[in-house]
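Have a look at the structure below, then the notes.
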């Protein structure tokens, strides 16, 4: 089953980094967040990826073209113009990079990948969110529901601490950034080919708006509730928090390290 990753947006809220590189190439612990996302899927045996690029797409292409030498130990003999590889560090991945345009919306990008996806079920996620999600459980939920699309619902941590105050004005408890009550879409979709029936032609189609509304209205959208770790890298603060987790060896999404 192919895994499609949306990796073409401008990432304007992370402009400190994205002025120089596409958001999926912003690094956590020396590796792009795109690599971390792919490792999550690869941990469960899903190794065929379709990366939908746009903004600064050449940087994503260059990364995978040079991946073999980037992470291997080599000797370059400049006199004979030869390269000797001493230790291989590679992944069992097949990566297709499809340029979908710089200003195209999410639905438009997915529509451009239709031919590459054939007639099979596929998975889709964003190039800026990581999780300790159990992919086989997600797929089992999708199979059981029998709908066109399954999304992963998450409850993100609140931005502010929460106080519990009694009638006398005394603070009974203080919770630093508790998990919220609302469920939101965290990506990590499973989709049948029927999803393309909900995507109109055109670059301006936003997957999360009319297509998802219609899927929900017609009973074709189900949610897999994930109560574990999930975080999107929207701001520099998010990037620094994720980097700290990785550096301290406390990265819940690093399933392949367990």
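Each value in this text was obtained by applying a stated rule to the coordinates, not by laboratory testing. Small disclaimer: the values here were computed from a predicted structure and weren't measured. Quick reminder, even Gly has a Cβ in these numbers, built from the backbone with ideal geometry, and neighbours come from all protein chains shown.
Quick notes on this structure:
- Considering only region 2-257, percent of DSSP beta bridges that pair antiparallel, nearest 5: 50 percent
- Taking Rg/Rh (Cα atoms, Kirkwood Rh) as calculated from this structure, the corresponding entry among (i) 1.17; (ii) 1.02; (iii) 0.99 is (ii).
- Only DSSP H runs of four or more residues enter the estimate; each adds -39500 (n - 2.57), and after division by the residues of the chain the mean residue ellipticity at 222 nm equals -7000 deg cm²/dmol.
- Nearest-0.05 FRET efficiency for residue 209 and residue 144, computed from C-beta distance (R0 25 Å): 0.40
- FRET efficiency for the pair residue 182 and residue 218, taken as 1/(1 + (r/R0)^6) with r the Cβ-Cβ distance and R0 = 25 Å, rounds to 0.60.
- Remark: the residue 244-residue 256 segment gains 2.5 nm on full extension, using 0.36 nm per residue and subtracting the alpha carbon distance.
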